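Okay, structure first, notes after.
Throughout, read-outs are computed from the coordinates displayed, never taken from laboratory work. Everything numeric in this text was worked out from a predicted model, so none of it was measured. Quick reminder, even Gly has a Cβ in these numbers, built from the backbone with ideal geometry, and neighbours come from all protein chains shown.
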Amino acid sequence: QLIEQAIWRVWLVSGDDKVDAVMAKGMRAMVLRDHAAALDAFDEIVRLMPGFAEGWNKRATIFYLMGNYQASIADIKTTLALEPRHFGALSGLGQICLMQGDEEKALEALEAALEVHPHLPGADSHIKELRQRIKGRKI
């Protein structure tokens, strides 16, 4: 858990004071559930620093919370292109795929997340359940 928290702290720092300030603003808006303000902040981050994976990941999270799953998936893909080991993005992709009924893609994403983060909370149980359901359909 301490290592996970340290990784998240590293991911949140862009190295640019302005981008980091906008990230803090967006994070505050997320906590307050002001999705429009958070989206504005994360839009600004991806414009200012398109190579900053966490800007894309946070925007993917806001899109998810707003129910815009296609936009969330698009931003998750960008996040993963920039940071292939982003277990948060992989887990989020798995959750969206589950919600959309694509259990095989959900399993693939969750297995990838677990490979990167072997102690990811809840991943083991989701994976076992998905494997059983998918195996049952193939019989």
Quick one: putting +1 on the C-beta of Lys and Arg, -1 on the C-beta of Asp and Glu, what dipole do you get for region 45-139 around its Cα centre, in Debye to the nearest 20?
160 debye
For region 71-87, in residue order, the Karplus 3J(HN,Hα) values (coefficients 6.51, -1.76, 1.60; θ = phi - 60°; whole Hz; Gly and Pro = x) are 5, 4, 4, 4, 6, 4, 4, 5, 3, 6, 5, 7, 9, x, 9, 6, 5
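Using a/c under 1.5 as the rounded threshold, could you call region 68-139 rounded, prolate or oblate? The axes a ≥ b ≥ c are square roots of the C-alpha gyration tensor eigenvalues, and prolate needs a/b larger than b/c, oblate otherwise.
Details: a/c = 2.37, a/b = 1.38, b/c = 1.72.
Verdict is oblate for region 68-139.
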For region 4-139, what number of Lys pairs, 8 or more residues apart or on separate chains, have alpha-carbon atoms under 18 Å from each other?
8
A37-A81 pseudo-label distance in nm [points 7 Å out on the Cα-to-Cβ vector]
3.1 nm
Once phi is turned into ³J(HN,Hα) by the Karplus curve 6.51 cos²θ - 1.76 cosθ + 1.60 with θ = phi - 60°, what whole-Hz value does each residue of region 33-44 show in order, with x for glycine and proline?
6, 8, 4, 5, 5, 5, 4, 4, 5, 6, 4, 4
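Take the Cβ-Cβ distance between K128 and K105 as r, set R0 to 22 Å, and report the resulting FRET efficiency rounded to the nearest 0.05. Kindly include the intermediate steps, with their values, before the conclusion.
On the way: r = 17 Å, r/R0 = 0.78.
After rounding to 0.05, the efficiency reads 0.80.
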Tell me, how many Å apart are the Cα centres for region 18-52 and for region 78-125?
23 Å
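Per DSSP H run of n ≥ 4, the term is -39500 (n - 2.57); total these for the chain, divide by its residue number, and report the mean residue ellipticity at 222 nm rounded to 500 deg cm²/dmol. Intermediate values should be presented prior to the final figure.
Values: 8 runs with 110 residues, N = 139.
That comes out to -25500 deg cm²/dmol.
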Does region 27-111 come out rounded, prolate or oblate, given a ≥ b ≥ c as the square roots of the eigenvalues of its C-alpha gyration tensor, rounded meaning a/c under 1.5 and, failing that, prolate meaning a/b above b/c?
oblate
